[in-house]
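Asks: Okay, handing you the structure first.
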Amino acid sequence: MTFEVKWKGNDSTNWSERKDSAGISYVPFIIVNHISAGTMSSMDNWFTSPNNNVSSAHFGVSKDGRIHQYVDIRKMAWANGSYVDNYPTDPAPVLADMKHKNCNLYSVSIEHEGTDGNLTDIQFQASVWLHHYIREQIMEIWGKEKWFPFDEYHVLGHFQIAKNKPSCPGKYFPWNQLYKTLKEENKGDDDEMKLELWQWTMLGDAITGLSQQVQTNGEPIISYEWAEKAYKQEMTSSEALFMVMVSLARAKGITVELRNQ
């Protein structure tokens, strides 16, 4: 099913550039789901109100499947909170990996009409479609290499990054169904990585370099077989992501085994 994104932002909609205080630019690679705690109309009114100087979101999804956009995806919405002291007790791993930078810099936010996360069928379908739309927009704007998997690391709830929002996007939000649906639809995308020839070559060269470095046990950080897979353009996205994680762990002296190596 195909949905339509309707632009609703105006001059009063809050946003900032995706740059930190040092002038470093960021590309979004996580999607954060929210609950609006109100109607779609109230969402539209609040995110376009000149009296609102505190919050915004990139998208909103109504109970009848309408999708409204308030902030250009190239810009940073004021959606997730930005302060380390507002992190929950068990924060999402991405916060530490990004060295506690304001997560608005590298996220895209989706608000869902409702109060408890109990999405209607059409609203759920629209949200799934929107997740794909967001990733496609990111790749179109910043390059195909910015593809990311729809997993628990990259698709989050507001409660995972803000302790003052422990119930967002709601206790009935269909997390299991969302991850299952996104991952099932993601299988076709993961059959092959969408890279240009020069990018495959660069990846192969990088792995070759790692294969020439050794761990404390004398074994190479990564087998050269993985470089061959890159040169032959046979590596899947999940393999590449897992290989990077293993490489980083082994470089730090952590023992990690690759079952298919």
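Asks: Among 235, 128, 93, flag the residue with its Cα farthest along the positive direction of the charge dipole of the chain, charges on Cβ as +1 for Lys/Arg and -1 for Asp/Glu.
Replies: Highest projection toward the positive end goes to 93.
Asks: Another question about this same structure. So how exposed is residue 27, as accessible area in Å² (1.4 Å probe, rounded to 10)?
Replies: Only protein atoms counted, so the area is about 40 Å².
Asks: What residue among 55, 81, 21 has its Cα farthest toward the positive end of the dipole of region 18-131, where the charges are +1 on Lys, Arg and -1 on Asp, Glu, each on the Cβ?
Replies: Looking along the dipole axis, the top candidate is 21.
Asks: Convex hull over the alpha-carbon atoms of region 61-100: what's its volume per residue in Å³?
Replies: 124
Asks: Using the heavy atoms of the protein chains and a 1.4 angstrom probe, tell me the accessible area per residue for region 1-105 in square angstrom.
Replies: Heavy-atom SASA per residue in region 1-105 reads 51 Å².
Asks: Quick one: how many Å² of residue 100 are accessible to a 1.4 Å probe, rounded to 10?
Replies: 90
Asks: How large is ³J(HN,Hα) for each residue in region 11-28, as worked out from phi by the Karplus curve 6.51 cos²θ - 1.76 cosθ + 1.60 (θ = phi - 60°), to whole Hz, x for Gly and Pro?
Replies: Going residue by residue, I get 5, 9, 6, 6, 6, 9, 5, 7, 9, 8, 5, 8, x, 7, 8, 10, 10, x Hz, with x marking Gly and Pro.
Asks: I would also like to ask the following. Averaged across orientations, what area in nm² does the convex hull of the alpha carbons in region 50-183 project?
Replies: Its Cα hull, projected and averaged over all orientations, spans 8.5 nm².
Asks: For residue 35, what charge total do you get from the other residues with a beta carbon under 13 Å from its beta carbon, if Lys and Arg give +1 and Asp and Glu give -1?
Replies: Charge balance near residue 35 sits at 0.
Asks: Ok, one more. Quote the relative contact order of region 44-164 in percent (integer), defining contacts as alpha-carbon pairs under 8 Å separated by 6+ residues.
Replies: Relative contact order for region 44-164 comes out at 33 percent.
Asks: Can you pick out the pairs among 75/146; 144/171; 183/229 whose Cα atoms lie more than 28 Å from each other?
Replies: Result: 144/171 exceed 28 Å.
Asks: Next question. Let me know the shape class of region 95-142, please: from the alpha-carbon gyration tensor, a ≥ b ≥ c as square roots of the eigenvalues, rounded when a/c is under 1.5, otherwise prolate if a/b is greater than b/c, or oblate.
Replies: Verdict is oblate for region 95-142.
Asks: Take the Cα atoms of region 13-112, build their convex hull, and give its volume per residue in Å³.
Replies: 112
Asks: Counting only protein heavy atoms and using a 1.4 Å probe, what share of the accessible area of the chain belongs to carbon plus sulfur, as a whole percent?
Replies: 51
Asks: If the convex hull of the alpha-carbon atoms of the chain is projected onto planes in all directions, what is the mean projected area in square nanometres?
Replies: Details: hull surface 61.4 nm².
Projected area, direction-averaged: 15.3 nm².
Asks: Run through the DSSP bridge list for the chain and note the antiparallel percent, rounded to the nearest 5.
Replies: Within the chain, antiparallel bridges account for around 35 percent of the total.
Asks: What angle, in degrees between 0 and 90 and rounded to the nearest 10, separates the Cα long axis of helix 197-211 from the longest principal axis of the Cα atoms of the chain?
Replies: Around 60 degrees separate the two axes.
Asks: Heads up, I need the accessible area for residue 234: 1.4 angstrom probe, whole protein in place, Å², nearest 10.
Replies: Roughly 110 Å² of residue 234 is accessible to a 1.4 Å probe.
Asks: Using the Cβ atoms and a cut-off under 15 Å, what net charge is assigned to the surroundings of residue 76, where Lys and Arg are +1 and Asp and Glu are -1?
Replies: After counting each charged neighbour, the total is +2.
Asks: Please turn the phi angles of region 152-160 into ³J(HN,Hα) values with the Karplus equation 6.51 cos²θ - 1.76 cosθ + 1.60 (θ = phi - 60°), one per residue in order, whole Hz, x for glycine and proline.
Replies: Once θ is set to phi - 60°, the couplings for region 152-160 become 5, 7, 9, 10, 10, x, 4, 4, 7 Hz.
Asks: In Å², and per residue, what accessible area does region 204-256 have when probed at 1.4 Å with the other protein chains present?
Replies: Each residue of region 204-256 exposes 57 Å² on average to a 1.4 Å probe.
Asks: By how many degrees, between 0 and 90 and to the nearest 10, does the Cα long axis of helix 121-142 differ from the longest principal axis of the chain?
Replies: Taking Cα atoms only, the helix is inclined about 60 degrees.
The values are calculated or read from the model by the stated rules, or taken from the named source; none is laboratory data. Source: prediction; values computed, not measured. Note that we place each Cβ from the backbone using ideal geometry, even for glycine, and neighbour counts take in every protein chain shown. When the accessible area is computed, the model is the full protein with side chains, heavy atoms only, and any ligands, DNA or RNA have been set aside. Shrake-Rupley method; radii C 1.70, N 1.55, O 1.52, S 1.80 Å.
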